[in-house]
Amino acid sequence: MYILGKIKVTTEIPAELSRLKDLAYNLWWSWNNEAIDLYREIDLLLWEKLNKNPIRFLQEVNHKKLQEKISDPSFMQRYGAVVEHFDRYMAGNQDTWFQRTYPDQQQEQIIYFSAEYGLHEVLPIYSGGLGVLSGDHCKTASDLGLPFTAVGLFYKQGYFDQRINREGWQETSFPILNISHLPVQPVLTQDQKPLLIHVDMPGRMVYAKIWRIAIGRINLYAMDTDIPENNQYDRGLTARLYGGDKETRIQQEILLGIGGIKMLDALGIKGTVYHMNEGHSAFMGLELCRKLISEKNLSFDEAREVVASSSVFTTHTPVPAGNDVFPMDMMDRYFGGYRSQLHLQRHEFLSLGTKQGDQYNFNMTVLALNLSGKRNGVSELHGAVSRNIYNSIWPGLPEEDVPITHITNGIHTMTWLSPSFKYMYDKYLPSDWQEKPYDPQVWNDVQKIPDEELWAVHCELKKKMINFVRERLKQQYTAIGLPLHEVNELDQQMDPDIFTIGFARRFATYKRANLIFRNMSRIEKLLNNRERPVQIIFAGKAHPADRPGHEVIKNIQEIAWREGFRGKVFLVENYNMTLARNLVQGVDIWLNNPRRPLEASGTSGMKVSINGIVNCSIFDGWWCEGYNGKNGWVINDDTTYDNEHYQDDADSQSLYTLLEKQIIPLYYQRDGAGIPREWIKIMKESIQSLTPAFSTHRMVQDYTRDFYIPCINRSKQIQQSDYEFARILTSWKHNIYNTWSQVKILPDRDGLSLIEHHAKSGEKITISTIVQLGSLTPSDVAVEVYYGSTVANMIRQGESTEMTVSGQLDSSTFRYTAELSIIDGGEYGYTFRVYPRHASLFNRFDMPFMKWVNG
């Protein structure tokens, strides 16, 4: 029968339990399992059926079940304790790490921009690691008490749901989110109408409403264009994350960056620091410049100085596909009128996003680098790789001096820690361990946990994970029409006693998901060893437009159904935070084998370590810093390969050898009680050494100390000077630009430059050179001797020592001298360099100028 109408019945929440709604609308519950347990205990079946969504749960729960809980003193006591904990947390801004450490900065505001946020699976506005990192950053900012606001877009169709069909191909669908089921609330005006902002697009205005998402003490504001004020095309502008073509992408990024600033103005939120998490939001810097030009009568260069002083940029990938570029003619269409508001000519505007070697595209990462004062990669190695990729922005600088540093990623411990491990840590760690997951001293007590207890908890979680995966696979196989007897075979195929390898992440080709199958006979032998069998669980999505990634998925699925691999290899569809949480808490070892050095950081391995799971990874990203020789395994070494085929061969051979000779034998090595003591040693070392170092509490503290606070102090200095600070510094920079061609390092008239010196270890060597400064003065520059060991007659990873004026030869020519003392014996090369210096520069090498001998 066709329906004539709908009746929606919403459960009335008794007053005694009314705070369940407050909890449901604040994602604080997502990292506090005691709050989750309240909903579970009321109706576990409904909780699981509704995918652990407390908003929808409260709408549909049976009223009688709520009344029953009101009559349960034990439940009401736990309910009261959770509510008290929540209220204490929300009111605790006066006793947080930020308040204790920076009590004078409470009134400032850190604004965080990201295209995606992975907060919980009930709110699927994320695609992968970047979004999950953003979500963990927000949760930690809340925990640490930072004055912090997040800005993003609201995608009503999210990323996509993945289905793997019978042929092994990925299929995608975009279910529309039901707003009434989500922990989001509209931002309203004083007359209770939706607050709207607008941005200019070619030939039209695009409007957006604003949703507020509460994340503990902080808020995420997300813009949504699906409103009647827009035409049909624009209503779909924010429908999908990373969907559509370049036209859609540039419009989304205009809305995120320019619209994000307009949204903050509409909300009355005045930022002190602006953090661009990846280049998607880089147009934000242009809008801040435009406002300063319009409101403070600054020139573009002066405005850019102010904006850079308050802007942080984090780049997350060296892979070209992860760095957006737009054709120059597209930039003309979208910014032809806008650039006039910046008082810039076309070539001046386009140069802000032009990367050397690519004159046809506007690069968002380059724009972000040019508009920010603090810049970083997300691991030590990634910082070095980024300095290499973007060296051309600072011509003449050695790679190690390019002003891109690193802050290594982390994870939000309580989001990814299994409740079972939490309860165990409660027993053995200091009572305040949850407040200080970044403190290495806290984790020393992991050694107190009895081996038997740790192993029992792990085995229980492994059984839970396998049951979860088994049920997911049954649904998956049934949906594609596999016979019932094949579906039921899963009950016998997945064994919690078998050594289980986990591999789950985006299926980008550089991550090499199928590397372990490079030698099919060798891996088949490992999987089917009767004494020491192995099983592997895969999960991950490929971008809908990434055909090579789809082919990797198909390849693995075909292997999983092949004789000799069937029942040993499993590919679980629709990877999301629910599946991720089960895998990172339940497998035995976590496999990560990207093509070095393309893994900027990686965080999934951090998530497993807090749950006692061991990593086996390529020496790339975070693992270069995490591995200590006792807490897991390294595949191959840090060799650089020019040939990908040779690299894949070498890495796969190393992986097979590790599995055959070390990892699998150690796992199956048991004592008389069936306990793998030596394996547990590695588990404990992994927990103890990795958890504090790779916590977002450590990461956000690093951002605060190294970036946010310096930006706050500099911004205050600029504003207190009524922008005179920026005007003076900009004027000095203009003088450098205009006169730098006059600067030269000259041959020393006394013949002391670039000659061979002989000295004993530690003996002082006096070196001098002559520098012609033109109309500049010695106070405008720094002159250094640059020295180090040589490779192919080039100085590599050199050091510098500042030289001082020791004489004046004429009005613009000066002798500079320095003393060197080298301890280690060997042959060293040296040369001289000169670069601009000013006490007000934000970074030592802010300006793209450096002269060398003969330069």
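Details
- Scan of the range 541-560 for residues that are at pLDDT 95 or above and acidic (Asp, Glu), ordered by number: Glu551, Glu558
- Looking only at the range 680-703, and only at residues there that are more than 30 Å from Thr314 (Cβ to Cβ) and in contact (Cβ under 8 Å) with a residue 60 or more places away in the chain, the one that is farthest from the chain's Cα centre (by Cα): Ile680
- Residues located in the range 760-782, provided they are modelled with pLDDT under 95 and charged (D, E, K, R): Lys760, Glu763, Lys764
- The sole residue among Ala545, Ala456 that is among the aliphatic types (A, V, I, L, M), surrounded by fewer than 21 Cβ atoms within 10 Å (Cβ to Cβ) and in a helix (DSSP H, G or I) is Ala456.
- The lone exception for Val469 - which of (1) open to solvent by 30 Å² or more (accessible area, probe 1.4 Å); (2) part of a helix (DSSP H, G or I) it fails: (1)
- Residue within the range 558-572 that is in a helix (DSSP H, G or I), buried (at least 24 other Cβ atoms within 10 Å of the Cβ) and out of contact with any helix residue (DSSP H, G or I) (no Cβ under 6 Å at 6 or more places or on another chain) present: no
- Every test in (1) modelled with pLDDT of 95 or more; (2) out of contact with any helix residue (DSSP H, G or I) (no Cβ under 6 Å at 6 or more places or on another chain); (3) assigned to a helix (DSSP H, G or I) is passed by Ile687 save one, and that test is (2).
- Boolean, Asp200 is over 30 Å from Leu571 (Cβ atoms), open to solvent by 40 Å² or more (accessible area, probe 1.4 Å), assigned to a loop (DSSP other than H, G, I, E, B) and touching a residue at least 60 places away in the same chain (Cβ under 8 Å): no
- Listed by position, the strands (runs of 3 or more DSSP E) inside the range 766-843 whose residues that are open to solvent by 70 Å² or more (accessible area, probe 1.4 Å) and over 27 Å from Asn388 (Cα atoms) number at least 2 are 804-810.
- Cβ-Cβ under 8 Å pairs, at least 6 apart or on other chains, the range 450-461 side under 14 Å from Arg670 (Cβ atoms), far side open to solvent by 40 Å² or more (accessible area, probe 1.4 Å) and part of a helix (DSSP H, G or I): Asp451/Arg677
- Yes/no for Asp426 being assigned to a helix (DSSP H, G or I), of a type outside the set (A, V, I, L, M, F, W, C) and surrounded by fewer than 19 Cβ atoms within 10 Å (Cβ to Cβ): yes
- Test: residue in the range 497-507 that is over 30 Å from Leu130 (Cβ atoms), over 26 Å from the mean Cα position of the chain (by Cα) and not aromatic (Phe, Trp, Tyr): yes
- When the range 217-240 is filtered for residues that are in contact with a helix residue (DSSP H, G or I) (Cβ under 8 Å, 6 or more places away or on another chain), under 25 Å from Tyr25 (Cα atoms) and of a type in the set (A, V, I, L, M), the ones remaining, listed by number, are Ile218, Leu220, Met223, Ile227.
- Subset of the range 294-325 [assigned to a loop (DSSP other than H, G, I, E, B) and either in contact (Cβ under 8 Å) with a residue 12 or more places away in the chain or crowded, with 24+ Cβ neighbours inside 10 Å (or both)]: Leu298, Ser299, Ser310, Thr315, His316, Thr317, Pro318, Val319, Asn323, Asp324
The values are calculated or read from the model by the stated rules, or taken from the named source; none is laboratory data. Remember, predicted model here, so these are calculated numbers, not experimental data. Reconstructed Cβ throughout: ideal geometry from the backbone, glycine too, with neighbour counts over all protein chains shown. For the accessible areas, the whole protein counts, side chains as well, though only heavy atoms, and no ligand, DNA or RNA atoms are used. Shrake-Rupley method; radii C 1.70, N 1.55, O 1.52, S 1.80 Å.
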